[in-house]
1. Given E206, E189, E213, which one is surrounded by fewer than 24 Cβ atoms within 10 Å (Cβ to Cβ) and either under 20 Å from C33 (Cα atoms) or of a type in the set (S, T, Y) (or both)?
2. Identify, please: which residue in region 45-60 is among the β-branched types (V, I, T) and touching a strand residue (DSSP E or B) at 6+ places or on another chain (Cβ under 6 Å) and is, among those, surrounded by the most Cβ atoms within 10 Å (Cβ to Cβ)?
3. Which one is farthest from A19 (Cα to Cα), of the residues in region 72-90 that are open to solvent by less than 30 Å² (accessible area, probe 1.4 Å) and out of contact with any Phe, Trp or Tyr (no Cβ under 6 Å at 6 or more places or on another chain)?
4. What number of residues within region 149-170 satisfy the criterion of being in contact (Cβ under 8 Å) with a residue 40 or more places away in the chain and either among the hydroxyl-bearing types (S, T, Y) or open to solvent by less than 40 Å² (accessible area, probe 1.4 Å) (or both)?
5. How many residues are closer than 24 Å to G224 by Cβ and either surrounded by 22 or more Cβ atoms within 10 Å (Cβ to Cβ) or modelled with pLDDT under 95 (or both) when one looks only at region 114-141?
6. Please verify whether A101 is closer than 27 Å to T43 by Cβ, touching a residue at least 24 places away in the same chain (Cβ under 8 Å), open to solvent by 40 Å² or more (accessible area, probe 1.4 Å) and of a type in the set (A, V, I, L, M, F, W, C), treating the condition exactly as stated.
7. Can you find, within region 1-44, the residue that is most open to solvent (accessible area, probe 1.4 Å) among those that are part of a loop (DSSP other than H, G, I, E, B) and touching a strand residue (DSSP E or B) at 6+ places or on another chain (Cβ under 8 Å)?
Amino acid sequence: MITRAVVVPQPPLLVPEIAAGARESTADLRAACLAAAGRLTETADRWVAVGAGEDTVSVTPPSACGSFRGYGVDLGVGLSERTGAPAELPLPALITGWLRARVGAAEATVHSFPVDTPAERSAKAAELIAERHSGHGLLVLGDGANRHGPRSPGGEHDGAPAFDAAIAKALATADAEALLALDADLCAELGAGGRFPWQVLASLAEGATWTAELLYSEAPFGVGYHVAVWTRA
């Protein structure tokens, strides 16, 4: 049984070496992510992570290691201390490995899905994760809308603030139904890549009572970033 889940975003700017001149402006976000990851390790030192952004479904095992070289810094990360030959890892795996090392988790397995994976597949994904990774901590990686303001990556969209306010509310109250009801077309329009990972969390949480705590919810670079901790009651 998975008894704790943590939601974090996955911007490379979380890594201080990549953030460079933006280290101070990302400090609160980084601190929230590390605090949440630490809470995950309190209950389980083995993690299973769910992220999005790849073209195909993939599973990155604990033996994998890679580097943030593609993001401008040759900083190596691993999903455990027992790594094999370096490989090109998807962004969710890189962020997972970086967090894992900093909070002392033993290992992580990362499941990556295409951003446009249909919502109805979240139940099967959640079932498989729960069966194969019982006793693990669940790390859920995904960003909100990328259209906050005229200088945002996706260009300004009037609907972005309300969308991320609703996401923050759902994460703060462990509202699985609200996450499962997210409209895929609207999420695509707003550039919200976290939609399917959030729905996997919601599918896994259905049928049980969870307490929730929202540690961070802002859009510092025109992208909605949310950090939350869910614990099975």
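The values are calculated or read from the model by the stated rules, or taken from the named source; none is laboratory data. This is a predicted model, so every value here is computed, not measured. Cβ placement follows ideal geometry from the backbone for every residue including glycine, while neighbour counts extend to all protein chains displayed. Areas reflect the complete protein model, heavy atoms only, side chains present, ligands, DNA and RNA absent. Shrake-Rupley method; radii C 1.70, N 1.55, O 1.52, S 1.80 Å.
1. On the way: E206 fails: either under 20 Å from C33 (Cα atoms) or of a type in the set (S, T, Y) (or both); E189 fails: either under 20 Å from C33 (Cα atoms) or of a type in the set (S, T, Y) (or both).
The match here is E213.
2. Initial filter on region 45-60 (among the β-branched types (V, I, T)): 48, 50, 56-57, 59-60.
Now drop any that are not touching a strand residue (DSSP E or B) at 6+ places or on another chain (Cβ under 6 Å), which leaves 48, 50, 57, 59-60.
Values: V48: 25, V50: 29, V57: 12, V59: 12, T60: 25.
Ranking the candidates gives V50 first.
3. S80
4. The number of residues fulfilling the criteria is 8.
5. Looking only at that region, the number is 6.
6. Spelling it out, A101 is indeed closer than 27 Å to T43 by Cβ, touching a residue at least 24 places away in the same chain (Cβ under 8 Å), open to solvent by 40 Å² or more (accessible area, probe 1.4 Å) and of a type in the set (A, V, I, L, M, F, W, C).
7. Within region 1-44, the match that is most open to solvent (accessible area, probe 1.4 Å) is M1.
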